[in-house]
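The values are calculated or read from the model by the stated rules, or taken from the named source; none is laboratory data. No experiment lies behind these values; they were computed from the predicted model shown. We place every Cβ from the backbone using ideal geometry, glycine too, and count neighbours over all the protein chains shown. Areas reflect the complete protein model, heavy atoms only, side chains present, ligands, DNA and RNA absent. Shrake-Rupley method; radii C 1.70, N 1.55, O 1.52, S 1.80 Å.
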Amino acid sequence: MSATSANSSLLTLNQSEELVDLPKDYPLSASEDEGDGDGERKHQKLLEAISSLDGKNRWKVAERSEASLKVSEFNVSSEGTREKLGLSDLLQPIKTSPSLATVKKQLNRVKSKKTVELPLNKEEVARIHREVAFNKTSQALSKWDPIVVKNRNAEQLVFPLEKEQAAFAPLEHMLGGWKARTPLEQEIFNVLNKNKQPVTDPLLTPVEKAALRAMSLEEAKMRRAELQRARALQSYYEAKARREKKIKSKKYHKIVKKGKAKKALKDFETLQKVNPTAALEELEKMEKARMLERMSLKHQNSGKWAKSKAIMAKYDLEARQAMQEQLAKNKELTQKLQAVSESEEEEGGVEEDGLLIPDVVNEVQVNANGSNPWMLRRCTSDVNEMKIQKDPEQLSKSMAYEDSESEEEKSPVAEETLLREIEKKRSLRERSKLNQDSKPVGSQEAQDANSQEVLSELRALSQKLNKKTHQTQKPKGSSLGTAPPVQTEEPSLEEEEPLLLQKPQRATTLEDLEELSKEGHSGNTELPRRAKQEQQAEKKPDDQPDAPKKNRKSQMISLQNLLTTKPPSVKSLAAPTTMELEDEDESYQKQMIKEAFAGDDVIRDFLKEKREAVEACKPKDVDLTLPGWGEWGGVGLQPNAKKRRRFLMKAPEGPPRKDQNLPNVIINEKRNIHTAAHQVHVLPYPFTHHHQFERTIQTPIGSTWNTQRAFQKLTAPKVITKPGHIIKPIKNEDVGYRSSSRSDLSMVQRHPTQLSIRHKKQLKKHSVN
Amino acid sequence: METAPKPGGDAPPKKNKLRAKRKKPRRYWEEEETAPTAAGASLGPPRSKKRKQEFRPQRPKNTYIQNKSRVSKKPQIPKKPRERRNPEPQRTLSGAQDPFPGPAPAPVEAARKFRRIDKSKKLLHSKSKARSRLEAAEAEEEEASLRAARSELLLAEEPGFLEGEDGEDTAKIRQTDIVEAVDIASAAKHFDLNLRQFGPYRLNYSRTGRHLALGGRRGHVAALDWVTKKLMCEINVMEAVRDIRFLHSEALLAVAQNRWLHIYDNQGIELHCIRRCDRITQLEFLPFHFLLATASETGFLTYLDVSVGKIVTALNARAGRLDVMTQNPYNAIIHLGHSNGTVSLWSPAMKEPLAKILCHRGGVRAMAVDSTGTYMATSGLDHQLKIFDLRGTFQPLSSRTLPQGAGHLAFSQRGLLAAGMGDVVNIWSGQGKGSPPSLEKPYLTHRLSGHVHGLQFCPFEDVLGVGHNGGITSMLVPGAAEPNFDGLENNPYRSRKQRQEWEVKALLEKVPAELICLDPRALAEVDVITLEQEKKERIERLGYDPEAKAPFHPKPKQKGRSSTASLVKRKRKVMDEEHRDKVRQSLKQKQQQKEDGKKPKPTGTRSSALDRFMH
């Protein structure tokens, strides 16, 4: 007891000492005034004792008496402060010193630190370990997947794995150090020398040698790096393009577009100077763009956007501007027409009024009336092209009209315009129809006009360009303009006329197709003709089996017919030894045969037999009638017909008999169980339908049906091993992986027990897949 | 790339500069190189079609292997593809040049007949694994067929033929004319055996075509090597002989005698007397199954396995006396002709006939099936000769009335049809191989000294053996037999040792009797009925269908698009699509049904209002 208490006191003492030690330069040290302190204490006690004798101050609070001052060397008293003492408070009164800051920090850190959490239990820890190990292992093993798959799919595996062969030395190298020794060898050498056979000099060119030496590793690496770089660059570029495409700022796009247009113009100008023919091509392209524009009605304020803007235009200045811009663009793109009309109003305009697009539209109309319009339209494609050229003209004209209107109104209602357009088109078509009815001959002239127009348009465009380029290309333009319009006489107009009037029926589609193609374009006739030929070819076999089919059908009708069909009568056997029978003779004989077999009607018997066989094969109906149920019972009572009908379960009809349409045949439908025992009745794994599997086993693999080599190949073993050779597990180097990479199985080997069963399963699955 | 190398020059073009001065080394193959190819390309001397009769004797005594020079006569190799494929021959290390570079040319046309997979049949869409298997199988088939077609080059012999001058009828050519025209060896194949003493003869050639067995009605049995005319044995069994047949080799001989079936060896020693087969009228031997099929007077068709000596099955045809029997060499089905004009097809696996065909108004007198199993010729008491198609339809292709009716029929290996009518033998030929014989005009006719009693074409020889009242006649029929034989299968020149070895092999490859069925390729099909049954049972056992399509679960999508509503919507879409498919299918079916049966289906019972509760 005493020992322990002493110990504890010692402990406290130590603690207090430590605490006291912290402030080192504390002014009052207890040891200094120990001597006189003792005496004073005694004196004080004495005084107290005396004073207490009078009994006045008896209930004074008992006070600690040892440490007179606040601090003792053994303990800290909180007397007087009235609040708890913090650790930092202990430091407070001392003058600040830089060294203390760190201590403070440390203390703060100590204070802020939470308690350490409980360690996980064992299972949890193990599971985490396993998971990590599994992930690592599966990652390491997944690199073998392609090899596993390859080996699985390989037709044949040869073990032990073959190392790549050492480059075989050419014959000449081998022969270099060799000399003929035996007489036989010498003789052979002599013969060879006589015939000037080169024995030792190399026959390989350096190129061949280089080819023999495969591409070196460094080269391959360099090449690969280059390729990689190129690919990376490409992907960067693509990404950039995509980014730019995604930018939604219209302003940006506008700027980009303008820049592009400017650049194109500049390019064109330079091209004109450098290479006029190319420039002409470019011009054509532009022309085409214009045509497309005119066709597509892209900038006609008819789109969705334009409609929405039209609604807003009243209030929104920007919208109005945008619309106007669009219209301006449209005008710009379709401006050439005006130029044309200016230049050729006298000839073209007059003509156009009367003979506008009758040809093409008419044709299409007729086709629609007559036969399949799609086919016809395809065959008259070039005619269609003309239509394309022609139609937009009309449209654009109407558009121009429209535009002027819209400008006046300033607030065009899109739907109205659309409706009007449609109306106009319809009226145009009707008019053209009328034209066709009245005079279909006008098509040719119209065509000519058309070609002229095209030319004039071209000229106009070129003139415009010339203006831009300060009339550098004037001669060219004029030459284009003065080019005489090509007058092509259509040879088959007369043919077309009756065709139009006749309105061919559906049945003669191909004929008129061919005619059309003939008249339309001589160059393109091949296709329909071929189609026709094909059709004829199709027809032919159709025709041929037609007769036998009919025959067969008639044969099927009655067996009597079948057996009594008159055989092809042959005049003579043409053999000197055979007896020839005349027709009357034959008929006589037939009569005799008929008489001989008058008794047994073979055919009827056979039909009866067949009927019986069919009946026997049919599934039977089940009669579930209970006699006496719900009616009077008794002997000899029949349940009524209605009830019997109600409770008769009809058997489902089986598949049709094989001899259904063969009157003279009875085919046994019973299943041959002996054969079935030898048939496959389980569908193997990857197949889902038995037809698929049957296809794979249709080829016989025996040597009876195959040549020797085919037989060997078909029956080659899946795995070939060399007897007496160790089959080592596959290594990194065997499959071209770098050996320096960390061994993938080391992890598993180090902690083999850490892999749980589940993970092992997964691993297995991985390797299987 | 570069200019095509000349046949003489073998050095690469780069080297030419360096070597310009030196003379190029000359190789031993260089000078000959052009010669053989040119010879190979050119055909033989043009043959005049006008020759009166050309009779090519089947086989000179040297085998086809030695007779390589004739290979060149067959211009089978299409030249074009090779040139296109390999414009420049490859160089080997030593500088040698392959005169025939690239893979061997593939005769695609010829390979077609070796094809087994019918690609016109479309399969359902298959999974990738199954598809890869299918592709592999197809590639294998293609390669095997190509190889087979390529090896046809080794079939050096060509069939003989008989061709008349303009307007001349080949049927007018007599045997004596033919014998005069052909070489001595072939002429020796025409002979007559005058055996008037022992009545009409039946005869049988062995499978190799080398041996002939003959049995006279009055007990005369003989076996001989008819080519060398060496008699193997000659006995009199002191009993009526109805039929005679070689078993798998020429060493064993089955004779249908008056009471029982006897088996003799080639010495004429009786080995067996099979009493279970009594009153046999006709014999047939199925060589690949080692089965001897016998038709008896009592109406039984009995199959005897000669390899183990057991009777496999005895089938009662229930049609009275069986007189007419033949086998289909393609599928080993036995055809029986009956007196009611039907022909029934039998296999030992089934107790009932596989099929019955009504062929004639009178009884069937004779039948023959060609070697490919495509055509059957029948003749009946109504004096008709008909040719039937055996490929599923059993319909007559052509027919003809003969003045006397044919009592015996025989097909040759190349499809010639011989008919014995009284003492006349008529032979008809088809247009080409694989076509039925046209009955318009006979190809050859011959009159014998007695009524025909047995008729058979000799395999691998252009010879028709006829047994008749006056003995045996061996006729020359150009173009009757297959010119090329399979040395491993039927070698006419085999030695005793070879025969014994072949016997062992054949026994090892014996086909079980129960595998005989109408379509032998059915064995390569899946037994669908059992498959379905097992599937059903499995579903019952498990309680669910393990192969059923899993219900559609929409994939979860990100960015809030995987809301419940959208999931449901997607699910609904798939369901609707499936439903639509179903409806479409059913509509199609209905339409088809409508087209199929325009006539209203006669319903046995009136439909009642209660029907709706039945299902």
### Query
Right, B:G160: touching a residue at least 24 places away in the same chain (Cβ under 8 Å), more than 14 Å from chain A (Cβ to nearest Cβ), out of contact with any helix residue (DSSP H, G or I) (no Cβ under 7 Å at 6 or more places or on another chain) and at positive phi or not?
no
### Query
Being basic (K, R), at pLDDT below 85 and open to solvent by 100 Å² or more (accessible area, probe 1.4 Å), is that true of even one residue in region A:591-602?
yes
### Summary
In region B:285-301, anything outside any strand (DSSP E or B) and open to solvent by less than 10 Å² (accessible area, probe 1.4 Å) is listed as B:F290, B:G299
### Query
Which residues, counting only those in region B:538-556, are open to solvent by 90 Å² or more (accessible area, probe 1.4 Å) and among the charged types (D, E, K, R)?
B:R538, B:E540, B:R541, B:E547, B:K549, B:K555
### Summary
Taking region A:231-245 and keeping only residues that are open to solvent by 100 Å² or more (accessible area, probe 1.4 Å) and at pLDDT below 90, one is left with A:K245
### Query
Hey, any hits in region B:464-476 for a residue that's more than 13 Å from chain A (Cβ to nearest Cβ), open to solvent by 10 Å² or more (accessible area, probe 1.4 Å) and not aromatic (F, W, Y)?
yes
### Members of region B:309-333 that are among the hydrophobic types (A, V, I, L, M, F, W, C), open to solvent by less than 40 Å² (accessible area, probe 1.4 Å) and out of contact with any Asp or Glu (no Cβ under 8 Å at 6 or more places or on another chain)
B:L315, B:A317, B:A319, B:V324, B:A332, B:I333
### Query
Among the residues of region A:274-284, is there at least one that is open to solvent by 60 Å² or more (accessible area, probe 1.4 Å) and modelled with pLDDT under 80?
no
### Query
Looking at region A:656-680, which of its residues are among the charged types (D, E, K, R) and open to solvent by less than 20 Å² (accessible area, probe 1.4 Å)?
A:D659
### Task
Could you list all residues from region B:138-148 that are more than 7 Å from every other protein chain (Cβ to nearest Cβ), touching a residue at least 24 places away in the same chain (Cβ under 8 Å) and either closer than 12 Å to B:I117 by Cα or under 19 Å from the mean Cα position of the chain (by Cα) (or both)?
B:E142, B:S145
## Note on the structure
Picking from A:E345, A:E318, the residue that is open to solvent by 90 Å² or more (accessible area, probe 1.4 Å), over 17 Å from A:R290 (Cα atoms) and modelled with pLDDT of 80 or more would be A:E318
## Note on the structure
So the strands (runs of 3 or more DSSP E) completely within region B:227-275 holding 2 or more residues that are open to solvent by less than 30 Å² (accessible area, probe 1.4 Å) are B:241-246, B:252-257, B:260-265
### Query
Considering B:G487, B:G415, B:G432, B:G420, which residue is under 23 Å from B:P329 (Cα atoms), free of Cβ contacts under 8 Å to residues at least 60 places away in the same chain, open to solvent by 30 Å² or more (accessible area, probe 1.4 Å) and not hydroxyl-bearing (S, T, Y)?
B:G432
### Query
Does B:F394 satisfy the criteria of being outside any strand (DSSP E or B), under 24 Å from the mean Cα position of the chain (by Cα) and under 19 Å from B:L336 (Cβ atoms)?
yes
### Query
Of everything in region A:681-698 that's open to solvent by less than 50 Å² (accessible area, probe 1.4 Å) and either more than 7 Å from every other protein chain (Cβ to nearest Cβ) or over 15 Å from B:K122 (Cβ atoms) (or both), which residue is farthest from the chain's Cα centre (by Cα)?
A:Q698
### Message
I'd like to check something: does region B:583-598 contain any residue that is among the β-branched types (V, I, T) and at pLDDT 90 or above?
### Response
yes
### Message
Would you confirm, using the coordinates I've provided, whether B:S151 is surrounded by 14 or more Cβ atoms within 10 Å (Cβ to Cβ), within 10 Å of chain A (Cβ to nearest Cβ) and assigned to a helix (DSSP H, G or I)?
### Response
yes
### Query
Residue check, A:N769 against (1) within 14 Å of chain B (Cβ to nearest Cβ); (2) at pLDDT 85 or above; (3) open to solvent by 60 Å² or more (accessible area, probe 1.4 Å), all met but one. Which one?
(2)
### Query
Can you tell me how many residues in region B:346-391 are at the interface with another protein chain (Cβ under 8 Å from one of its Cβ atoms) and in a loop (DSSP other than H, G, I, E, B)?
13
### Test for B:A406: is it under 19 Å from B:D243 (Cβ atoms) and aliphatic (A, V, I, L, M)
yes
### Query
Of all residues in region A:699-718 being of a type in the set (A, V, I, L, M, F, W, C) and without any contact (Cβ under 8 Å) to a residue 24 or more places away in the chain, which is nearest to the other protein chains (Cβ to nearest Cβ)?
A:A710
### Task
Give just the number: which of (1) loosely packed, with under 15 Cβ neighbours inside 10 Å; (2) within 7 Å of chain B (Cβ to nearest Cβ); (3) more than 30 Å from B:R150 (Cβ to Cβ) does A:T721 not satisfy?
(2)
#### Entry: Matching residues in region A:605-628 - criterion: being touching a strand residue (DSSP E or B) at 6+ places or on another chain (Cβ under 7 Å) and either open to solvent by 70 Å² or more (accessible area, probe 1.4 Å) or free of Cβ contacts under 8 Å to residues at least 24 places away in the same chain (or both)
A:D621, A:V622, A:D623, A:L624
